[in-house]
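Trainee: My structure is below; once you've seen it, I'll send some questions.
Coordinate-derived values only; no laboratory data. What you see is a predicted model, and the numbers here were worked out from it, not measured in a lab. Note: ideal-geometry Cβ built from the backbone for every residue, glycine included; neighbour counts use all protein chains shown.
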Amino acid sequence: MNYLCPITIYKKTGQKKGEQIDSKKIAKHKTDIFRLAIMITPNSNFVLPQSIFNDLQTFVEAIKNDLPGNQMFENLGVPNANAQDISNLLIDSFSSTLKL
């Protein structure tokens with residue numbers, strides 16, 4: 001589950017108290033998450049500890065109005081990728097309990 005590390009890092013980067021939020025770091029972590037998420041298949045089912053699942057939900061909610069643009073996916077070699085579909089796939093593929 002190491003590929004979920006950017007989600008936790010994204011959350012911590014945006015929540016450090018008393019420090020300026022570095023928008024470049026936030027953008028990098030968001031790009032990392034989507035870069036890794038494009039490898040998830042629609043039938044994937046991963047069980048996460050509740051705290052990490054909560055971080056995932058927080059991330060998806062935080063970026064729902066600031067999804068990556070097509071240029072990012074073109075740069076990654078997947079020009080037909082859709083950010084909203086990938087965001088939905090993150091929630092659909094990960095849960096805090098096993099889906100039967």
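Trainee: Where the convex hull is taken over the Cα atoms of the stretch 30-100, what is its projected area averaged over directions, in nm²?
Mentor: That works out to 4.6 nm².
Trainee: Just grab the label-to-label distance for N80 and F46, each label 7 Å out from Cα along the Cβ direction, in nm (one decimal).
Mentor: The modelled label-to-label distance comes out at 2.4 nm.
Trainee: Turning to a different aspect of this structure: At N88 and Q57, where each label point lies 7 Å from the Cα along Cα→Cβ, what is the point-to-point distance in nanometres?
Mentor: 2.0 nm
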